[in-house]
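Notes follow once the structure below has been shown.
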Amino acid sequence: MRIGFNKFKKYISPAMMAMILAAIISGILLFISPIHGLADNGDFYRAMNSNGVYRLPTHYSQSLDYVIPKFGIYQYYNENTAAVFTSQAMIVKFAVFLNKVFYSKTIFDIRFLAIIYYVFFLGAIYLLTKSLVFPYRRIRSYVVALLVVFIFADSSFTLYFNSFFAEPGMYIVMLYSFASILAISRDCFKKRWPMILLFFASTIFLLTVKQQNAPLALTFTVVAVGLMFLPNFKARRFAIFGGIIALLFAGAFTYSKINSEFNDVNQYQSFTHGVLMETGDPDKQLSKAGVSSQYSLMRMQEYYPRTYDTVQPGSKYVEKHLIAKTGMGWLIKYYLQNPKQFVRLLDVSTKDIMVTQVKAVGNFTRNSGHKPQEHTKYFVLFSTYAGTFFPNKYGFICLYVFGYTIVYAISCFLDFRAKRYQGVVRFLLVFGMMTIIVFIPIISVLAAGEADLAKHQFIVPITLDLTFILFISDILHHRLWNTKVADGDNDEK
Amino acid sequence: MMKNRLLTYILIIGILFSSLLSMPTNRVKAATQERVLLVYDSENDVEQSGKQIDALQRILTSLNLPVKTISQNNYKSGMLKNYSGVITMINWRQVGLTNKVFIHDREKFSGIRLHIGDNLTANEAAQLGGHARRIYQQQFILKINQDEQLLPFSETITVLDGLSNQVQKVGILATQEKNQKSYPYGIINGQNGYLPYFNSGGLSSLAASQMIAKLFGKNDTYQPMLTITNVTPYSDLKILDALSLYCYQKEIPFAISASSVSDNTQMKAFTRYTTVLNSIENRGGVIFAQMPIVGAPPISSGSELSQIVSSYMVSLARENVYPIGISSFGYWNQDEILRDNALKKANNLILLPNEKVVYVKQDNNALSTKKSFYAMSVSSLNKVKKSYDMSFSMPTALTVSLPDSKVGMHDLEQEINGLQLNWFDPVNLNTTVKTGTSLMRYRNGDYYMNGKKEDIQNTQNTNNIPIFATKQEPLFSNFFHLQGNILMGFFIIVLLILIIFTLLGRKIYKNMFKR
């Protein structure tokens, strides 16, 4: 038995095992016909039109119910400009290019998009597992590898690959950002610069892929500061400093690209789905805050009304008398005056924070014999479990963050005194992740109230999963507070 | 032989006589079933012809003429048979009419024919009893009755010359030169009519409507109704109150086109709104329920719309506000879903000029109702030299938009005061609004709900029960809520123990060195 395991571990590292398992599990889901994915919720056009892909005409509606596997490719000049600035465009363009080379110049198969994500995703799984367990190849290391597959190859994440959503790119680069820093803190590779480069490249991609990620620039600056603790010479320190500036610039750039209409939409929704919610009649609060309390009648209205509404939220009148008055400053002031309501909003926002499966759209293709908007049950155990049992209070999240930070601060303190960088880099990584978990719910409540919570907080469950697996792995490998690897313990030498 | 001939004579006389007898009844039938086909050449977006088409449709509706509108491309042979009148509207003279089938059918058509715009054919001119003449680069003054207006500069216009005395002329286009030349504006010769141009605002629209009314044999005149538009629950209610008080004190009867909400009607803000609306009713104003704006509803949204409108009426009535009709943009009457589920609930309408047009199921099959007011803004009459008894050929609502500032309010008061018009008093209206199970009627200034007369002075504001709004929760959420709390408690305890242990451990660790 022991000999067998020794042979196994000689040829297949935990990282390799995780990657192979993830490849099989998600490969079946994504590429074996009938394929699985996410149907269009009406947002696909943003990523499609400006990149030369369009919906083929059909006699049925192409949104919500079923995954559409085939699209058309524009043959002539494409007059559509990008509706929103996003680095996702690179990926879609690359997928279209691959499609043209290997498949067809006129018909686009969504799987070409998935395959790009798939390749990068498998790399991320490999790197993540390796950085988590390095330099061990114990049974517990393989347990961690299995957990990585169980958590991160969950269909609720990988289904995104067969879609035009921007989330899969975000998911994958988040894994890379996290894993690269962890790999540096554990000296996985002899040379550090490829990992440092990977960290900055993937983080800049993350900051530019969705506009709501702009504030994360601050988080990753904190993480990047950890790199300063590496045994450095001047030139490298300077390069890292340059990288940090690039991160901040990327965040600011993305933020500046948020157009005014997008701003109005969010501001309006944060009023109708935030300020007016989780309270009785907000009449008095509104007039106290200097906004006509008549606007309380707008409770739960959408900026783009689906069917019928009393007034057009985009009209000049509403713009002048409501939206122009209720900026971020006003919102913060309002919530400071009504802290109870704000806490209730935060509780609502964290209620479903671990629910990563998209419930609004179907996972199957039309000819697969499944009902419209049906969801797959394939490999979703973790997301279902976490989505159901994760405590639904913002207070819990704060506690989690508090405890978690203390645990890792201790090792940081110990390593700092012993002049080792491992614990310090890891702590700053963890600390950065904690700021995401604490602040993203606050930001999303401020930005859009209770509307589109899952979309705004997509990064939070990923972060929670990452910190969760890090904790498990550190416990199992007995290095929560002792980052030093004894000479005899290193299995990779 | 003789007998046979006599029989034939009697038969012929009998047939003639009976046809003479039946003719008037036929006419009556024709009058009730009068339908008009409006055929336009193109929707010339450069010239905003959509606006003109909308205005023409609303005028026809106000004249109680149901109108079907089509583009010439959609005209199929024989379609005209089902109509008693046809209107040709040229919006793009460089293109004009290209559908030969339509031109042919129109030549043969025996009903009322009206041509609006350029490209009058020689045949048409002959039927009108004159010959067409093109006039270039002129600025005309339009005169009708005692009113006149200086028109904008026109590049080219086709007028008719050499008209006989039998031809009726409506309005005059006069040049500004010293030896003023003048040409008729609207021309009616029997069943044929001609308007050299059409404009949705100003005196032109009034002249056009007068001409159309005459052509279709409608000779009533109406006084305009002052109508305050853009009244929403989000409007500045103080200004609305002040404006209605101003009209009351100046003894100007008026109507308001007020939108409402279908949700959140238990809130204080709603009561504040209805209180103002109620006092408007008590000041001689009447309320037309303004229809909601249209987002992007599916065709199946008809029942939802119907519910929204019912909910408007019911929630307003609960607070002693009784809308007497419905106001909407003109295109609502051109849409099957919007018309059937909203407009048909009332028999008195105000049709406003289109703003943002979102069709649900466009059918361009406008219906006429008991009374529909053609809305035009007061400001569009600013350039008209008006007389006190300015006459309108159809029910007309002269609209002013509710201002949102005191300065705007002051300006508006000046404007209303400056309009020396003989206003229509809505007390003369006799209306019904039928939604769901409720029937609201208005007659002689009294309001009836399901047959029972309502006392609008008795404000009966229902007590507000503030409703706590929260996101809808899934099943079992309570269980998981509890489980969440338990887990949280557990976590707090573990954390406390952890902190205590850490502190203790540190103490022990330190003590190890203290010895």
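The values are calculated or read from the model by the stated rules, or taken from the named source; none is laboratory data. This is a predicted model, so every value here is computed, not measured. All Cβ positions, glycine included, derive from the backbone under ideal geometry; neighbour counts span all protein chains shown.
Being in contact (Cβ under 8 Å) with a residue 24 or more places away in the chain, within 11 Å of chain A (Cβ to nearest Cβ), crowded, with 23+ Cβ neighbours inside 10 Å and touching a Phe, Trp or Tyr at 6+ places or on another chain (Cβ under 8 Å) narrows it down to one of B:294, B:286, B:309, so name that one.
Every option except B:294 fails the conditions.
Residue by residue through region B:277-324, note down the ones that are part of a loop (DSSP other than H, G, I, E, B), out of contact with any Asp or Glu (no Cβ under 9 Å at 6 or more places or on another chain) and not aliphatic (A, V, I, L, M).
B:283, B:298, B:319, B:323
Quick one: count up the residues across region A:213-236 that are surrounded by fewer than 24 Cβ atoms within 10 Å (Cβ to Cβ), among the polar types (S, T, N, Q) and in contact (Cβ under 8 Å) with a residue 24 or more places away in the chain.
Summing the residues that are surrounded by fewer than 24 Cβ atoms within 10 Å (Cβ to Cβ), among the polar types (S, T, N, Q) and in contact (Cβ under 8 Å) with a residue 24 or more places away in the chain in region A:213-236 gives 1.
Could you please tell me which pairs satisfy a Cβ distance under 6 Å, a separation of 6+ or placement on different chains, a first residue in region A:410-427 that is outside any helix (DSSP H, G or I) and charged (D, E, K, R), and a second residue that is surrounded by fewer than 20 Cβ atoms within 10 Å (Cβ to Cβ) and modelled with pLDDT under 90?
none
Yes/no matrix, rows are residues, columns are (1) within 13 Å of chain A (Cβ to nearest Cβ); (2) under 27 Å from residue B:420 (Cβ atoms); (3) in a helix (DSSP H, G or I):
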residue: B:230; (1), (2), (3): yes, yes, no
residue: B:233; (1), (2), (3): yes, no, no
residue: B:242; (1), (2), (3): no, yes, yes
residue: B:245; (1), (2), (3): no, yes, yes
residue: B:248; (1), (2), (3): no, yes, yes
residue: B:260; (1), (2), (3): yes, no, no
residue: B:266; (1), (2), (3): yes, no, no
residue: B:269; (1), (2), (3): yes, no, yes
residue: B:274; (1), (2), (3): yes, no, yes
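If I ask for residues that are at the interface with another protein chain (Cβ under 7 Å from one of its Cβ atoms), over 34 Å from the mean Cα position of the chain (by Cα) and in a helix (DSSP H, G or I), which ones from region A:296-316 would you list?
Correct list: A:297 only.
Taking the criterion of being surrounded by 15 or more Cβ atoms within 10 Å (Cβ to Cβ), assigned to a loop (DSSP other than H, G, I, E, B) and at pLDDT 90 or above, would at least one residue in region A:13-22 satisfy it? First the steps, then the outcome.
From region A:13-22, those surrounded by 15 or more Cβ atoms within 10 Å (Cβ to Cβ) are A:13-15, A:17-22; that's our starting set.
Still in the running and assigned to a loop (DSSP other than H, G, I, E, B): A:13.
Then keep just the ones that are at pLDDT 90 or above; that gives A:13.
Within region A:13-22 (the criterion being surrounded by 15 or more Cβ atoms within 10 Å (Cβ to Cβ), assigned to a loop (DSSP other than H, G, I, E, B) and at pLDDT 90 or above), the answer is yes, since at least one residue qualifies.
Of A:262, A:271, which residue is crowded, with 24+ Cβ neighbours inside 10 Å and either under 30 Å from residue A:300 (Cα atoms) or modelled with pLDDT of 95 or more (or both)?
The match here is A:271.
When region B:210-225 is examined, which residues are found to be under 30 Å from residue B:274 (Cβ atoms) and either within 14 Å of chain A (Cβ to nearest Cβ) or buried (at least 23 other Cβ atoms within 10 Å of the Cβ) (or both)?
B:224, B:225
Could you list all residues from region A:324-366 that are within 25 Å of residue A:157 (Cβ to Cβ) and loosely packed, with under 14 Cβ neighbours inside 10 Å?
Passing the criteria: A:359, A:360.
For region A:284-295, which residues satisfy the criterion of being at the interface with chain B (Cβ under 7 Å from one of its Cβ atoms) and either under 13 Å from residue A:334 (Cα atoms) or crowded, with 21+ Cβ neighbours inside 10 Å (or both)?
If the condition is that a residue be at the interface with chain B (Cβ under 7 Å from one of its Cβ atoms) and either under 13 Å from residue A:334 (Cα atoms) or crowded, with 21+ Cβ neighbours inside 10 Å (or both), then A:294, A:295 are the ones that fit.
Can you tell me which of (1) touching a Ser or Thr at 6+ places or on another chain (Cβ under 7 Å); (2) among the small types (Gly, Ala, Ser); (3) under 21 Å from residue B:454 (Cα atoms) is the one residue B:259 doesn't meet?
Unmet for residue B:259, out of (1) touching a Ser or Thr at 6+ places or on another chain (Cβ under 7 Å); (2) among the small types (Gly, Ala, Ser); (3) under 21 Å from residue B:454 (Cα atoms): (3).
What are the pairs, 6+ residues apart or on separate chains, where a residue within region B:259-272 that is farther than 19 Å from residue A:307 by Cα has its Cβ under 8 Å from a residue that is at pLDDT 90 or above and among the aromatic types (Phe, Trp, Tyr)?
B:269/A:295
If the requirement is being surrounded by fewer than 12 Cβ atoms within 10 Å (Cβ to Cβ) and not in a loop (DSSP other than H, G, I, E, B), which of these qualifies: B:137, B:149, B:180, B:166?
Among B:137, B:149, B:180, B:166, only B:137 is surrounded by fewer than 12 Cβ atoms within 10 Å (Cβ to Cβ) and not in a loop (DSSP other than H, G, I, E, B).
Kindly check whether there is at least one residue in region B:62-77 that is farther than 21 Å from residue B:211 by Cα and either assigned by TED's automatic domain parsing to the domain that holds residue B:365 or touching a residue at least 60 places away in the same chain (Cβ under 8 Å) (or both).
Yes, that holds for at least one residue.
Please work out if residue A:463 is of a type in the set (Ser, Thr, Tyr) and either modelled with pLDDT of 90 or more or closer than 29 Å to residue A:156 by Cβ (or both).
Taking the combined requirement at face value, the residue satisfies it.
Select from region A:256-269 the residues that are closer than 18 Å to residue A:311 by Cβ and either of a type in the set (Ser, Thr, Tyr) or within 13 Å of another protein chain (Cβ to nearest Cβ) (or both) and list them in ascending order.
Selection gives A:268 alone.
Table: residues versus (1) surrounded by fewer than 21 Cβ atoms within 10 Å (Cβ to Cβ); (2) of a type in the set (Asp, Glu); (3) under 17 Å from residue B:192 (Cα atoms).
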{"residue": "B:54", "(1), (2), (3)": "no, yes, no"}
{"residue": "B:63", "(1), (2), (3)": "no, no, no"}
{"residue": "B:84", "(1), (2), (3)": "yes, no, yes"}
{"residue": "B:88", "(1), (2), (3)": "no, no, yes"}
{"residue": "B:97", "(1), (2), (3)": "yes, no, no"}
{"residue": "B:103", "(1), (2), (3)": "yes, no, yes"}
{"residue": "B:123", "(1), (2), (3)": "yes, no, yes"}
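Which numbered condition in (1) of a type in the set (S, T, N, Q); (2) farther than 30 Å from residue B:312 by Cβ; (3) part of a helix (DSSP H, G or I) is the only one that residue A:356 fails?
(3)
Take the residues in region A:465-493 that are of a type in the set (A, V, I, L, M, F, W, C) and surrounded by 20 or more Cβ atoms within 10 Å (Cβ to Cβ); name whichever of them is farthest from residue A:138 (Cα to Cα).
Per the stated criteria, the residue is A:466.
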